[in-house]
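Quick notes on the structure that follows.
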Amino acid sequence: MNALASEIVRDTGAVSAADLARGGHFSGTIGDITTPDPRMVCREVNVWYGDKHAIKDVSLDIGNHQVVAMIGPSGCGKSTFLRCLNRMNDTIDGCRVRGSITLDGQEIYDKGLDPVPLRAQVGMVFQKPNPFPKSIYENVAYGARIHGLTNSKAELDALVETSLRKAGLWNEVKDRLDQPGTGLSGGQQQRLCIARTIAVSPEVILMDEPCSALDPIATAIIEELIDELREQYSIAIVTHSMQQAARVSQRTAYFHLGDLVEVGETTQVFTNPRHKLTEDYITGRFG
Amino acid sequence: MNNPAPAATAPPPAPTARRTIDIVNASLKRRYAREARFRFMGAAAVFLGLLFVGILFGDIVSKGYTAFAQTYIQVPVYFDPAMLDPDGSRDPQTLANADYLGLVKASLRKQFPLVTGRPQQRELYALISAGAPQQLQAMVRQYPSVLGTTRDVWLIAGADVDMLVKGQIDRDLPEADRRIKDSTLTLVDQLKTDGRIERRFNTGFFTNGTSREPELAGIAGALAGTFYTLALTLLLSFPIGVGAALYLQEFAPKNRWTDLIEVNINNLAAVPSIVFGLLGLAVFINVFGVPRSTPLVGALVLALMTLPTIIIASRAALQSVPPSIREAALGVGASPLQTQFHHVLPLALPGIMTGAIIGMARALGESAPLLMIGMIAFIVDIPQGFTDSATVLPVQIYLWADSPERGFVERTSAAILVLLGFMVVMNLAAVLLRRRFERRW
């Protein structure tokens, strides 16, 4: 049904009765919002910051072992949507979320659901590298420590090493694990944050513009890393860089003013956008 | 000829442009003059402030430094067994109750056999402090073997002699205007020529409780009281204050009630401290029956007074911790409490400690609320715990400043010096702790 609805190509200028009832903004997303093997399923998600309607009826699947890129101009709600996926918006005053988001069939906005274990399953990497002002070792070990994932010091050491290896940082820091994580370079800090995230073995990793504070070389390393991580995790990434979206993702979702305008295979969205807004954005006419 | 004139040979700039720079130049002098005036006023204010501080310190130090020395007089004392231990039993009880005042008087009479007549002898006895008998008693208790021997004992001089030796009493005044009679002057001069008068470091000032006699009065009791009171104040106000700040800043819902609480906490910081003393009297002493005059009730009152300072400073410190740290911790699945205790609180700690030490420094200097809860009592004994009657340093200063004796003037100033010393140490500690725990992120 949803897939059917999303297949409808809207007529320009035609406003349905339902649109009017919602206040005139358009509904329906172009392209296939579903994937055959979804990890997270979001249906008709709405978010309000106080009176501001930040996300309007967004439906999207996050596929297994897939990278979904979310692009769009500033303020389009892509970061807000990402933060809904592990309930980080709970910490913001006056933020309300309506709709359905499930992780492996479990509704994450259920009253009884505890966001703490959810965030262990859905990890997050932030825009600005934010390592704890502790040692590199402690940064990676922290999640495992609080969740009690390891039983011995040796296990914890092994976990720290595997996580740092997966994040491609091990060789650079193995001799100085006791030094503060804040002393690393920006790109290393961001990889440290990724290592910290994967140390708790999440199922989904959310990345909120992970490279926006990094130089091109560090960015390239992170992008490679994302591609490797895809084999084990499902990844949703928000980015301002369309080249990055094209490089790392399999599916791309274009957001505009709180609406999800178009979703599709990345190659299709970038080579053959179906909506006028998407086309204007990726050809650089605005944004 | 077909090209227009190049820019270099263009006519001079339009008159409007010239006028702008003229206007600017004309006003420039006035603007700089205004700045110079402001700078001068600032510098003058700083200079004036430093001058007053200098005068204050100069006055206190010049009045107080003499209190750190004490005059002693050497008197040969014959520990007469017939007088101290008539039945020869060497019973400690008998020795303790013997007439040591009589012993002092007898020794003095023996040293100055020429002084006769009751008024003259009374002056003679005034050479030596009223604390001298206790001095001899302690000697006999410690070394009973002195009985039957004659020893040269350095006894604490009386307050007037002490003042005379320290030059606080002017010899050139007519006798009638002077605390010390001419006859005493001759006695003191004779002792001086005999080398039997001496000034030593005044250890008693730091080891004695207060006393009616200035030469015996010390700050040990007040210091102990201050220590117990402040320790308990810190123990009560720091955890409660930090906890309250943490709850209000990070956990409490933002609504009208929490806004009201916030406004009230800010107002409480400005409430006159004596009001807290009244509250302590009405609630802690009268309702809950906490023993009065004790460090316990003093600490309860001072903790209430310090709480707003600590809460406000802690909230500001918590607020300055970047939200990215909270997100990082929440993002790996830390519970909100773990986020606060593992990450936010350690980063906010320097600011919190600065606030706490400033609050404690204020509590250290506070006397008004303590007057209301009976800590103004005259207490000679050094308090041994939280429920012993006690007084604190600022109250002790207040009490001594009220005393008319000349000897208390220098002791008041000396006690102020000690208090200021503690203030400096505490503020220094605040700075050092800040440096030590400050971390960058």
Requested in this report: Would you please name the residue that is farthest from the other protein chains (Cβ to nearest Cβ), looking only at residues in the stretch A:79-120 that are assigned to a loop (DSSP other than H, G, I, E, B) and among the basic types (Lys, Arg)?
Outcome: A:111
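Please state which one of B:272, B:295 is more than 28 Å from residue A:131 (Cα to Cα), surrounded by fewer than 19 Cβ atoms within 10 Å (Cβ to Cβ) and under 24 Å from the mean Cα position of the chain (by Cα).
Just one listed residue meets the conditions, B:272.
Please work out if residue A:145 is assigned to a strand (DSSP E or B), more than 9 Å from chain B (Cβ to nearest Cβ) and of a type outside the set (Ser, Thr, Tyr).
Answer is no for this residue.
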Query raised in the report: Only one of (1) crowded, with 18+ Cβ neighbours inside 10 Å; (2) in contact (Cβ under 8 Å) with a residue 40 or more places away in the chain is not met by residue A:98, so which one is it?
Result: (1)
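Return yes or no: is residue B:303 buried (at least 22 other Cβ atoms within 10 Å of the Cβ), part of a helix (DSSP H, G or I), out of contact with any strand residue (DSSP E or B) (no Cβ under 6 Å at 6 or more places or on another chain) and within 14 Å of chain A (Cβ to nearest Cβ)? Explain how you work it out, then say what you get.
Details: buried (at least 22 other Cβ atoms within 10 Å of the Cβ): yes; part of a helix (DSSP H, G or I): yes; out of contact with any strand residue (DSSP E or B) (no Cβ under 6 Å at 6 or more places or on another chain): yes; within 14 Å of chain A (Cβ to nearest Cβ): no.
Criteria not met by residue B:303.
Can you name every one of the helices (runs of 4 or more DSSP H) wholly within the stretch B:327-422 that holds 3 or more residues which are within 14 Å of chain A (Cβ to nearest Cβ)? Talk me through it step by step, then tell me what you get.
Details: elements: B:345-364, B:368-372, B:393-401.
Correct list: B:345-364.
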Query raised in the report: What is the residue count in the stretch A:245-287 for residues that are touching a Pro at 6+ places or on another chain (Cβ under 9 Å), within 20 Å of residue A:54 (Cα to Cα) and assigned to a strand (DSSP E or B)?
Result: 4
Report task. Kindly establish whether residue B:211 is in contact with a Gly (Cβ under 9 Å, 6 or more places away or on another chain) and either part of a helix (DSSP H, G or I) or without any contact (Cβ under 8 Å) to a residue 40 or more places away in the chain (or both). Result -> no
Query raised in the report: What is the residue count in the stretch B:116-143 for residues that are surrounded by 15 or more Cβ atoms within 10 Å (Cβ to Cβ) and within 40 Å of the chain's Cα centre (by Cα)?
Result: 16
Report task. Only residues that are of a type in the set (A, V, I, L, M, F, W, C) and in a helix (DSSP H, G or I): list them for the stretch B:316-326, please. Result -> B:316, B:317, B:318, B:325
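In the stretch B:310-350, what residues are hydroxyl-bearing (Ser, Thr, Tyr) and buried (at least 21 other Cβ atoms within 10 Å of the Cβ)?
Kept after step one, since they are hydroxyl-bearing (Ser, Thr, Tyr), are these residues of the stretch B:310-350: B:314, B:320, B:324, B:335, B:339.
Scanning the stretch B:310-350 gives B:314, B:339.
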Query raised in the report: Quick one: residue B:113 ticks every box in (1) surrounded by 15 or more Cβ atoms within 10 Å (Cβ to Cβ); (2) assigned to a loop (DSSP other than H, G, I, E, B) bar one, so which box is it?
Result: (1)
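Only the coordinates and a few stated rules stand behind these numbers; no lab work does. Note that the coordinates shown come from a computational prediction; the quantities given were computed from them, not determined experimentally. Using ideal geometry, Cβ is built from the backbone for each residue, glycine included, and neighbour counts are taken over all protein chains shown.
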